[in-house]
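Every read-out reported here was derived from the displayed coordinates using simple, explicitly stated rules and does not represent laboratory data. Values in this document were obtained by computation on a predicted structure and should not be read as measured data. Quick reminder, even Gly has a Cβ in these numbers, built from the backbone with ideal geometry, and neighbours come from all protein chains shown.
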Amino acid sequence: MSQFPGTSGTPGAPGMPADPAVARRANRLMIAVLAVIAALLVVRAWVGTEVGSGADAQVVHGYGMVFVEQQGAGHVQVPAAEWAQAVAADPAQQRVMVSWPRTVGVWAAALLTLAVLSFLWRDNPVYKLAESVVVGVSAGYVMSTAVWSSLVNQVFGKLAPGLTKAYLSPGLTTTESDWWALVPLGLGMLLLCRLSARLSWVGMFPLAFVVGVFSGWRFVQYVESDLLAQVATMFDPLYVAGPTAAATVGGTLCAVLVLVGVLTVLAYFFFSLEHKGPVGGAARIGVWYLMITFGASFGFTVMGRIALLAARCEFLFDDWLWLIDPAGKH
Amino acid sequence: MSRSIAVLVAGVAAVVMVLSKFIVPMESAETTVAEWFNAAAAIAFVLGGASLLKMNLLTISARGPGWGYAAVTLVAFLATLGVGLFKVGVPPSAAFPDHRMGGTPDAEGGALWWIYEYLMSPITGTLFAMLAFYVASAAFRAFRAKNAAAIFLLVTAFVVLLGRTYAGVFVTSWIPDDVPWVSWLRLENLSAVIMSVFTTAGTRAMIIGIAIGVAATGIKIMIGLDRSYLGAGAGGGNG
């Protein structure tokens, strides 16, 4: 069994042309395009990129280089022009330097971005590799931050404040042990019993506790900030005085339209009465309001995704390839 | 019997959270229970991690389809967890410059920060960005102006999309912006009217509906009618 399925590009697989000859031609074309792009990038790297201006100008042969400056205990990213300026003043300076971890990071991010975008061509091993990386990394990230923020500070810090302060969290303010912290620890241990087939029933108690707390918490939050607050806005005055007659008419009309919209949409969601007669008419108007809401949401979603895509393209062309410089980073 | 106890635990926990809102001396109970919840949820992440390990190790040991990807996931998970738990490369905090564990695990310059900044964020960002293509292609195939409701949806999406771009502003730039009765017809103003009137009304009604639904579910859990979280054989979602 192949450890990386999909490497052979089986004709007839989803996204692949049924005809093997067509599939081969498509593969060759894609490889040729990638080769031309790679050759152009190599040529550009050989020519180099000029950073800085005037007498401070320096040529950098490479992409994605990140320059940093020592500030306090760590480093802060600075524009490449600042490095050029520092080198022009003192070629042996150590104040502004290349950050190799960040430079490797920009390359890794760029290659992973391209790996994910390759899915637009078709599902392929490079995409699957990026997908596997993000699954593992996300799980590890969430788990380690949860351990530090909740377990260390709220459990270990309360059970053994001295040890925790000395070895794990010097900023801990607790000084005396609070044995009530054994309760969440015990609940957590019981939760781990779900991993065992024989003892998984024990895990239902902490689960019930988590569900109960969450539902009670949400109950209060939703009733207070969503239900009551939203209903309260319906009692705002319908007559909205403005500086001009047009503003007054416009504001009042908007207020009336909002009230009518809320009531008609609620009528649509009210299923205890049959949607006939006046209720049916109101529900129909409610559907129109809902459609306008969904249309606006759709437009916003598309806009948001396109903005994200633009940000990724900007990263590739600015941070990695140095072809553009809208933020003056170089 | 054990299921009844679990239902009782959930009900009591929920009632305590609700009552702590109304009874002042119980406010500290709310904070304590919320801390317990956070700690138990953090251990639930350990459960999730253990489950991920188990699943991927099984795939690798059985040489199942895609075991190479399972190995990549496993290595990525363990490496991230390791650097996160041991705060690898984290610069000391300004308050405790001599303590190696003084900084936060995801502080700038640390290994976990690097992983987030250069691995996790670009991949998730690109995955979401790629949805632009699929949303547009699905919309092209699915949206048909068959009735008034569908026309409303299409026209609104079009107006909101155009109204937020330079092209949209340019298209209706000939409409005077200083004439009160017609200036709303400019696409950027029309988009703003749609958002502030129609979308506000629709969203408000939906929020009210969702809040009523959440409140009803909460009450069902408090009185033990909803036992779906206990799994199959527990009386079903509606008790």
- Nitroxide proxy distance, nm - points 7 Å out along Cα→Cβ at A:Ala39 and A:His275: 6.2
- List the residues of the stretch A:151-167 whose backbone N lies under 12 Å from a point placed 7 Å from the Cα of A:Ser177 along the Cα-to-Cβ direction. A:158-163
- Note on the structure: Given all pairs of distinct Cα atoms, the stretch A:54-204 yields a Kirkwood Rh in Å of 20.7
- Message: Which order do the peptides B:40-51, A:265-276 come out in when sorted by mean C-beta neighbours inside 10 angstrom, highest first?
- Response: B:40-51, A:265-276
- Peptide B:18-27: average number of partner chain Cβ atoms within 10 Å per residue? 2
- Message: I'd like the trypsin sites (Lys or Arg not before Pro) in the stretch A:150-223 restricted to DSSP loop residues with at most 15 other Cβ atoms within 10 Å, sorted by number.
- Response: A:Arg198
- Message: Tell me which chymotrypsin sites (Phe, Trp or Tyr not before Pro) from the stretch A:202-244 have a DSSP coil assignment and no more than 11 other beta carbons within 10 Å of their own.
- Response: A:Phe235, A:Tyr239
- Item | Förster radius 35 Å - calculated FRET efficiency between A:Ala232 and B:Ala139, Cβ distance, rounded to 0.05 | 0.45
- Note on the structure: Mean shadow area (nm²) of the C-alpha convex hull around chain A is 34.0
- Task: May I ask you to give the average projected area over all directions of the convex hull of the Cα atoms of the stretch A:177-287, in nm² rounded to one decimal?
- Result: 14.4
- Task: Determine the principal axes of the Cα atoms in chain B, then give the extent along each, sorted from largest to smallest and rounded to whole angstroms.
- Result: 66, 50, 48
- Message: At a threshold of 8 angstrom on Cα-Cα distance, excluding pairs fewer than six apart, so keeping six or more, what relative contact order does the stretch B:49-131 reach in percent?
- Response: 19
- Item | Distance in nm between pseudo-label sites at A:Ala21 and A:Asn124 (7 Å out along the Cβ direction from Cα) | 2.4
- Query: Taking the simple approach of a point 7 Å from Cα along Cα-to-Cβ for both B:Ala79 and B:Ala50, what is their distance in nm?
  - Reply: 2.6
- Message: When the expected Rg is taken as 2.2 N^0.38 Å, what fraction or multiple of it is the alpha-carbon Rg of the stretch A:139-205?
- Response: 1.29
- Message: Compute for the stretch B:1-91: radius of gyration divided by Kirkwood radius, i.e. Rg/Rh, restricted to C-alpha atoms, rounded to two decimals.
- Response: 1.21
- the stretch B:26-155 - convex hull of the alpha-carbon atoms, volume per residue in Å³: 258
- Using the Kirkwood formula over every pair of different C-alpha atoms, what hydrodynamic radius in Å results for the stretch B:86-142? 13.7
- Any helix of chain A counts here only if DSSP assigns it H throughout, its Cα atoms span 18 Å or more along the axis, and its mean Kyte-Doolittle hydropathy is at least 1.6, and such helices are A:245-269
- Item | Rg in Å to one decimal, and Dmax rounded to a whole Å, for the protein assembly as shown via C-alpha atoms | 29.3, 86
- Message: Just want to confirm a number: the relative contact order over chain A, from Cα pairs under 8 angstrom separated by 6+ residues, in percent.
- Response: 13
